[in-house]
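Below is one structure, written out as structure tokens, with a few remarks after it.
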Amino acid sequence: MAHIKAVAGVAVRGVLRNVLHSGTSGPTDPLAVFQYDLNFLTNTYKGGTQPLGNNTLDGRFLRDSGNYQACYLPNKAGLLVSVGSAGIRRTDAGIWLYPSVSILGLWGADLSNAAWTKTGINAVKNQVGADGVANTASSITATTANGVVKQVITSAVADRVMSAYVKRLSGTGTLEFSLDNEATWTVVPVTNAYTRPFIVQLGVTNPSIAFRIANSGDSFAVDFSMVSGAMNGQLLPYGYLVRSTGTAVGSFSRSTPWALNTDNSPLFTCITQPFAWYWQGRADRLGGGLFVSDGAFQVNIVADGTIQYGGKSSPTGQWKAGMSNLNKVAGWTNGAGIAKFSINGNPPTSTSTLLTPNGTHFVFSSNGSGGAAINGLVERAAFSPNYAPSDADLMAMTAP
């Protein structure tokens, strides 16, 4: 039997509201000296501009060559908000960074559609969705014990994740998910507010999106149901949310927020000389890149919890994976081999072999294919040319 596990859904409103910082800096902000400061939490940008909703070539800090599909993403309050099909994928929680992954299933919020087979279930599209908009989600109500609503998807064998935003409308009985056309059921946690529980199945062919309600009369709201694939090896719910309709979504576009030599971004000019940098954010993945370049500006997360910059690795365990963990990393290079970097207030790691900065671009958490995606978000980043912070400054600006 294929391995299946249920993972407690993260309460969209609760956890993000508790863990995401406001981004407000005090009068002793150690980043005040930086020439360029991109605060995605507050949507403020020192030394340049970062318009949203388009990808115009106008000298802004970052453009996104990968985004060509609209989606929904959480804001700091945990409400899902619509993000357009051009420009960086940002909410007031930060820039969200995920690879390209296939999304399977039709009518993911309208379980009254004929694509769903219903046995002992009444489904009506009449609920406020996880985005707070009326009549965008469905209620499913059991008319018999163990009522089932499901959709079977034709797809080759692969490791899969089934997820949905759900909340209890009435009753006290269980709600179960199945990915294997009812061969195996898993009870998932449900509250009176929208959460996103999920289950994982390895090596499944023709997966299903199936819900079973134990008690007759119990009712649940369902929104954004989907089956997705692994994100660079991680079997977690896909970060870019789409309400599928009658056409399969298929492979969803990755994000590639970059500073390119031909875009007139001041950030690209900055990194071609001695400079200092700062990164703040969260990530589920132990892997990927904070900054990825075709030149020497490479800051990578390694599976053992180290950060690698200029070919030098930090001590293990300084990086903390998981969206509840805020990470801060800062460093500098003199352009002649010497570089230092600090993680979460720890003493800096140094190297004397960093190549002179070069290349044609650098990207936040992407190498063009999405393989460097961190499966998380960037809250703030800063850059300054010809600046080498002291060890004390590096530790202060990255202090938890």
Most exposed first, judged by fewest Cβ atoms within 10 angstrom, Tyr72, Tyr194 run Tyr72, Tyr194
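With contacts defined as alpha carbon pairs under 8 Å and 6 or more residues apart, what's the relative contact order of the stretch 103-252 in percent? Mind dumping the intermediate values first?
Numbers: 428 pairs, mean separation 49.0, N = 150.
Contact order relative to length: 33 percent.
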Of the listed links Lys76/Lys340; Lys167/Lys320; Lys118/Lys167; Lys46/Lys340; Lys46/Lys320, those spanning more than 21 angstrom between alpha carbons are Lys76/Lys340; Lys167/Lys320; Lys46/Lys340; Lys46/Lys320
For 195-203, 145-153, ranked highest to lowest by mean beta-carbon neighbours within 10 Å, the order is 195-203, 145-153
Once the dipole of the chain is set up from charges on Cβ (+1 Lys and Arg, -1 Asp and Glu), the residue from the list Thr205, Leu260, Ser85 lying farthest towards its positive end is Thr205
Of 92-102, 50-60, 339-349, ordering from highest average Cβ density within 10 Å down gives 92-102, 339-349, 50-60
extent check for the stretch 95-138: Cα max minus min per principal axis, descending, whole Å, gives 40, 24, 13
Computed over all unlike Cα pairs, the Kirkwood hydrodynamic radius of the chain in Å stands at 22.0
Phi-derived 3J(HN,Hα) across the stretch 322-331 with the Karplus relation (6.51, -1.76, 1.60, θ = phi - 60°), rounded Hz, x for Gly and Pro, is x, 5, 7, 9, 7, 10, 10, 9, 9, x
Asserting the computed 222 nm helical MRE of the chain (DSSP H runs at least 4 long, -39500 (n - 2.57) per run, divided by residue count, to nearest 500) equals -1000 deg cm²/dmol
Neighbour-count ranking for Ser216, Ser365 (other C-beta within 10 angstrom, fewest to most) reads Ser216, Ser365
Ordering 325-334, 129-138 by per-residue average of other C-beta atoms within 10 angstrom, highest first, gives 325-334, 129-138
Sorted largest first, the C-alpha extents of the stretch 69-123 along its principal axes in whole angstrom are 42, 26, 15
log10 I(q)/I(0) for the stretch 133-258, Debye formula on C-alpha points only (no solvent), q = 0.09, 0.18 Å⁻¹, two decimals, reads -0.26, -0.99
Exposure-ranked with fewest Cβ neighbours within 10 Å first, Val249, Val363 stand as Val249, Val363
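Every number here is computed from the coordinates shown, using simple stated rules; none is lab data. The structure displayed is predicted, hence computed values, not measured ones. FYI the Cβ positions are ideal-geometry reconstructions off the backbone, even for glycines, and counts take in every protein chain you see.
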